[in-house]
1. Say whether the condition of being more than 19 Å from Glu379 (Cα to Cα), β-branched (Val, Ile, Thr), open to solvent by less than 90 Å² (accessible area, probe 1.4 Å) and at pLDDT below 85 is met by at least one residue in the range 491-499.
2. Do the conditions hold for Lys190, that is, is it basic (Lys, Arg) and within 29 Å of Arg278 (Cβ to Cβ)?
3. Being open to solvent by 80 Å² or more (accessible area, probe 1.4 Å) and either on the phi > 0 side of the Ramachandran plot or among the basic types (Lys, Arg) (or both) is the filter here, so list the residues in the range 237-280 that pass it.
4. Is there a residue being part of a helix (DSSP H, G or I), open to solvent by less than 60 Å² (accessible area, probe 1.4 Å) and modelled with pLDDT under 85 anywhere in the range 411-422?
5. May I ask you to say which residue of Glu318, Glu393 is surrounded by fewer than 16 Cβ atoms within 10 Å (Cβ to Cβ) and in contact with a helix residue (DSSP H, G or I) (Cβ under 9 Å, 6 or more places away or on another chain)?
6. Mind checking whether some residue in the range 316-336 is under 26 Å from Lys179 (Cβ atoms), in a helix (DSSP H, G or I), of a type in the set (Val, Ile, Thr) and free of Cβ contacts under 8 Å to residues at least 40 places away in the same chain?
7. Just checking, how many residues over the range 269-302 are more than 22 Å from Tyr316 (Cβ to Cβ), assigned to a helix (DSSP H, G or I) and of a type in the set (D, E, K, R)?
8. Could you grab the pairs with beta carbons closer than 6 Å, sequence gap of 6+ or different chains, first residue in the range 345-368 and closer than 18 Å to Arg215 by Cβ and in contact (Cβ under 8 Å) with a residue 60 or more places away in the chain, second one of a type in the set (S, T, N, Q) and open to solvent by less than 80 Å² (accessible area, probe 1.4 Å)?
Amino acid sequence: MDYMGSTATAQYSHMGRRPQQGNLLPSIGTFDYRTSSAPPYSGLLTRSLSLPWRPGTFYRSARVEPTQALSSSTMQPMSSSNYLNNIDNVKVPPIFPSARQALYTRYTPKDWYNAQMTNYLASDKIRSAAERLRSDAIRLAREKDEQSFKNNSEASKRLGERINDIEYWKGELEKTKDKMKRKIEDVESKRREVERLLAESEKPLRIAQENLYEREKRQGIDLVHDNVERELIREVDTIKLCQQKLRQMLERLNTQNALNRASLHELERDAQDKFRARVLDSAAHNIKTTSRGINFYEGIENVDNTVSVPETWTRYTEENIRRALSEISQSDELLNASNQLMAQTNNDMWSQWNHVNVSLENRVQESQVAKNKIQAHLEKILQEIFDVEQNIEFLKKTIADKEAFLQVAQTRLETRTRRPNVEACRDPAMHRLIQEVHDLHAAIADLHGKLRQEENAVQHLLRTKSTLEQDLAIKNNSLFIDFDKVMGIRRTFTINAPEKSAVTSVTFSHPRGLITA
């Protein structure tokens, strides 16, 4: 910025050179020494100085003709009042731009000195306050830093303890889960064995009922309530009683396994929750100030989504484990009861089965003579039944083959229906395919008719067999029923002794070792 009063072309004040000033400058205005304030510029400057600044304008307005020469000989000491009173009589020499700057001095050296001292004192005070503030800030920062490290270390320690607790209870849950899974497998295996025994008991029951039904076909005097019939009725009652017990045991096993699975579900859910909690706590434990992804979450300390306290948290897991161990103990008792029931059931059915067989053999020996008279006819009828059934299978296979050809022909027709526009022509190939479909339908219908005839033939053969049996003598008919029907069916399905576990049709698995709760 140019100094006030300098020309736009006179920039010598910025070139390190100061102009020479006179020893005495004329007063161009009054100065208030009491207030040490310079008069306003409006009272000092001439009217022309408010014009745009140009060198010519300056010389015209600032040129004053001196009335008295200013020299060293004429400059005598005088008072300020005399100086101010006589200043108007002094002829002012031409004022050059270099000396004009001194005309606008606003403060005295005393003011300048006082201002400097004030600045120094203010600087010292502000600097001292800043030093104290800086020391307090450093001390506070160190205290908060130590507190932050301590809090972070304490939180990490608590997280580590929490992770150890989770690991411990998760390990206990995993052990209990393994026990429960093995026990569920044991109960499920035992349930399948009971189901298998129950299903296998249906065949002896059906055989016994069929034996009773067949023996009802006896005629005349041989239709007696003999020992065989009494043993067969007792066998039916025994098997039904065993089935009832097995169904009850099966229901108990299903209920127990449902409870086991519910307990296992609670264990798995608890273990899964602990796994997720361990992962999250481990992630939180590993977070450092240098970790990536840390951020501010305003108000997160006010969010309370907890649903438990350490006591209830531990009690919840203990209850799950205690419940699981209780179910395991009940499962062991049920498995023992199942083994005993299956062994007792097998023994009862085996014993009664033998009683029926012995009674039936004794009854057959009494009518041994009638056996040879009906055996030939029965074998022929059975052979014919077998041949007709084979022929039925052959016809079914033939029908299936014809249906394959029918599928080919119909597929070809369906494919040709997608021909575009005029290409959809009813050509000889179309006629041949349609004829082929009609022929195949006729052939299949003929084969189905023959199949129905064959099936009717089988029914006729069965009725013929019944007719032949009815035509036999009373003794021959009774022997046929007892030996060929009753004993023949019982020979095709035998219940072996329970102690012969290597050849028995119903096997029992030994219970596993009990798991102590």
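1. Checking the range 491-499: at least one residue is more than 19 Å from Glu379 (Cα to Cα), β-branched (Val, Ile, Thr), open to solvent by less than 90 Å² (accessible area, probe 1.4 Å) and at pLDDT below 85.
2. no
3. Scanning the range 237-280 gives Lys240, Arg247, Arg252, Arg261, Arg269, Arg276.
4. yes
5. Working: Glu393 fails: in contact with a helix residue (DSSP H, G or I) (Cβ under 9 Å, 6 or more places away or on another chain).
Within the list Glu318, Glu393, the selection yields Glu318.
6. Let us first name the residues in the range 316-336 that are under 26 Å from Lys179 (Cβ atoms), namely 316-336.
Going one step further and asking which of them are in a helix (DSSP H, G or I), we end up with 316-336.
Those still in the list that are of a type in the set (Val, Ile, Thr) too: 317, 321, 328.
Adding the requirement that they be free of Cβ contacts under 8 Å to residues at least 40 places away in the same chain leaves none.
Among the residues of the range 316-336, not one is under 26 Å from Lys179 (Cβ atoms), in a helix (DSSP H, G or I), of a type in the set (Val, Ile, Thr) and free of Cβ contacts under 8 Å to residues at least 40 places away in the same chain, which makes the answer no.
7. Residues that pass the stated criteria total 1.
8. Short answer, once both residue conditions are applied: Gln352/Thr238; Ser359/Asn227; Ser367/Ser478.
The values are calculated or read from the model by the stated rules, or taken from the named source; none is laboratory data. What you see is a predicted model, and the numbers here were worked out from it, not measured in a lab. Neighbour counts run over all protein chains shown; Cβ positions are idealised from the backbone, glycine included. Note: accessible area is taken over every heavy atom of the protein model, side chains too, but ligands, DNA and RNA are not part of it. Shrake-Rupley method; radii C 1.70, N 1.55, O 1.52, S 1.80 Å.
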